[in-house]
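The values are calculated or read from the model by the stated rules, or taken from the named source; none is laboratory data. Every value quoted in this text rests on a predicted model; they were computed, and no experiment measured them. Cβ placement follows ideal geometry from the backbone for every residue including glycine, while neighbour counts extend to all protein chains displayed. These area figures cover heavy atoms from the full protein model, side chains too; ligands, DNA and RNA do not enter into them. Shrake-Rupley method; radii C 1.70, N 1.55, O 1.52, S 1.80 Å.
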Amino acid sequence: MYWLYGYRLCSFMLALGLGIGVVALGVQTLTSWGFVLVDSKKDFDVLYAGVGIVVGIVTVMSTVLKLIADSCHRPVPIIIELVWLPMLSVSWVAVAIMTAVENGRNFRDAACDDEDAIANGICVDVGPIIGLSAAVSSTLLLYWLVLLLVAVARARRGTAIWTSPVLKDKGFKTSGDLEADNSGEVA
């Protein structure tokens with residue numbers, strides 16, 4: 001099961017990088033929106049940028065905390081990942097949908113066809129926000145699906161691993177193995 005840990009690590013790192021990208025684009029959009037509001041008194045709705053920033057920060061923090069817990073030999077059980085990852089993924093889908101809908105409201109007549117260069121910048125950032133949000137969502141959902149299939153397959157063979165973490169050295173460990181490792185005994 002070394003491959004599952006490697007796949008988990010790659011999925012988390014990819015989600016981490018893409019999430020940071022959405023946070024950066026969201027901050028840029030909110031900053032530009034402030035200039036558009038002051039300069040031209042246009043009413044733009046950029047709630048999607050704020051939601052993207054929040055979901056990005058939650059993704060970054062939860063992913064980093066999981067990786068820190070792994071490195072401190074206190075890994076997260078599979079059941080927690082199976083519950084948390086779909087919620088996070090649905091949040092990213094919501095960011096992508098909100099971005100597309102609000103962009104349609106902001107630029108009704110033509111896509112990114114405004115005389116204001118800053119407003120055009122907001123419009124141009126919409127595509128990457130939608131794409132990165134969808135990529136994070138699909139990355140997390142794909143890892144969730146693989147983890148669920150592996151856990152169900154192992155449970156059908158008689159080895160319930162729902163409370164076991166995914167580890168790099170032996171694949172899955174039971175809670176008894178973890179206690180033995182912490183006490184110095186051999187399981």
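Scanning segment 121-142 for residues that are more than 13 Å from Leu18 (Cβ to Cβ) and of a type in the set (Ser, Thr, Tyr) gives no hits.
So that you can scan it fast, the table gives a plain yes or no per residue for (1) of a type outside the set (A, V, I, L, M, F, W, C); (2) at pLDDT 90 or above; (3) farther than 26 Å from His73 by Cα; (4) touching a helix residue (DSSP H, G or I) at 6+ places or on another chain (Cβ under 7 Å):
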| site | (1), (2), (3), (4) |
| --- | --- |
| Ala96 | no, yes, yes, yes |
| Ile122 | no, no, yes, yes |
| Ala134 | no, yes, yes, yes |
| Arg156 | yes, no, yes, no |
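Find all pairs meeting these conditions: Cβ atoms under 9 angstrom apart; at least six residues apart or on different chains; first residue within segment 91-104 and touching a residue at least 60 places away in the same chain (Cβ under 8 Å); second residue surrounded by 16 or more Cβ atoms within 10 Å (Cβ to Cβ) and of a type in the set (Phe, Trp, Tyr). The qualifying pairs are Val95/Tyr48.
Scanning segment 33-66 for residues that are at pLDDT 80 or above, of a type in the set (Gly, Ala, Ser) and over 21 Å from Leu141 (Cβ atoms) returns Ala49, Gly50. Close contacts from segment 10-31, counting a first residue that is more than 11 Å from Thr59 (Cα to Cα) and a second that is hydrophobic (A, V, I, L, M, F, W, C) and not in a helix (DSSP H, G or I), with Cβ to Cβ under 9 Å and a gap of 6+ residues or different chains, come to Gly26/Val46; Thr29/Val46; Leu30/Val46.
Could you tell me whether Lys168 is touching a strand residue (DSSP E or B) at 6+ places or on another chain (Cβ under 9 Å) and modelled with pLDDT under 80? So Lys168 fails the test. If you filter segment 140-163 down to residues that are crowded, with 18+ Cβ neighbours inside 10 Å and touching a residue at least 60 places away in the same chain (Cβ under 8 Å), you find that the one that is farthest from Val90 (Cα to Cα) is Ile161. Test Asp114 against the stated conditions and say whether it is open to solvent by less than 50 Å² (accessible area, probe 1.4 Å) and at pLDDT below 80. It is true that Asp114 is open to solvent by less than 50 Å² (accessible area, probe 1.4 Å) and at pLDDT below 80.
In the set (1) closer than 30 Å to Ala160 by Cα; (2) at pLDDT 90 or above, Ala24 fails one condition alone, (1).
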